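This report concerns only the one structure given below.
The values are calculated or read from the model by the stated rules, or taken from the named source; none is laboratory data. Keep in mind that this is a model prediction, so the values were computed, not measured. We place every Cβ from the backbone using ideal geometry, glycine too, and count neighbours over all the protein chains shown. Just so you know, the surface numbers come from the protein's heavy atoms only, side chains and all, with ligands and any DNA or RNA stripped out. Shrake-Rupley method; radii C 1.70, N 1.55, O 1.52, S 1.80 Å.
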Amino acid sequence: MPAVIDTLRREHANMAKLLRILDRHLGEFDAGGAPDYELMSGIIDYLHDWSGQWHHPKEDLILAKLRLRDPAAAERVGDLEADHEALSERTLHFREAIADIVNDEELPRDRVSRMAHGFIDAERRHMAGEEKVFLPAAEKALTTEDWAEIAMRVGDPKDPLFGQKVEKRFEALRRDLVELDRLEQAGV
């Protein structure tokens, strides 16, 4: 398996963990409670910033190569760039809603809940589609030279949450991730 594909799959797994944490906090919100909005904001910030700066550009490079190597497979993938743009917009709207809540603005809970669940569902559908259609098609069609070129172009960015050194703004989120792993290993 090309290293770039392995990295994308690991990033998808990491994002799925973040969505599970967000889902847990959203459950508290849906029950009328006050979840950790700072933690939720951290998840949203990470998903928006990391995806926009590193994750989606990698996928866009791969799709460009796939269009050259196997146009029919690329057609089955669809307009990934438009999907990425739509996810970015959805993320920004969700980020704004959480910021409004933190700033004590009145927002209908049901509207925020629908927005949040829609965001989570869209992210999960998007990643599932990439795992099922896009990544296997790319792995099959692209050459060793294609993968080397892509790897060289994307470099090796330092992940501010899942990397060796966690940025200060993500320390609480990293602790929540460790707790999620502990709970999932315990079958809770």
Selection count, region 131-188, where residues are outside any helix (DSSP H, G or I), free of Cβ contacts under 8 Å to residues at least 12 places away in the same chain and surrounded by 13 or more Cβ atoms within 10 Å (Cβ to Cβ): 2
- request: For region 54-76, indicate whether the set of residues that are outside any helix (DSSP H, G or I), without any contact (Cβ under 8 Å) to a residue 40 or more places away in the chain and open to solvent by 60 Å² or more (accessible area, probe 1.4 Å) is non-empty.
  value: no
- prompt: Which condition does residue 103 not pass, out of (1) out of contact with any Gly (no Cβ under 7 Å at 6 or more places or on another chain); (2) polar (S, T, N, Q); (3) open to solvent by less than 40 Å² (accessible area, probe 1.4 Å), if it passes all the others?
  reply: (3)
- prompt: Which one of these is of a type in the set (A, V, I, L, M), assigned to a loop (DSSP other than H, G, I, E, B), farther than 17 Å from residue 153 by Cβ and out of contact with any Pro (no Cβ under 6 Å at 6 or more places or on another chain): 92, 107, 47, 87?
  reply: 107
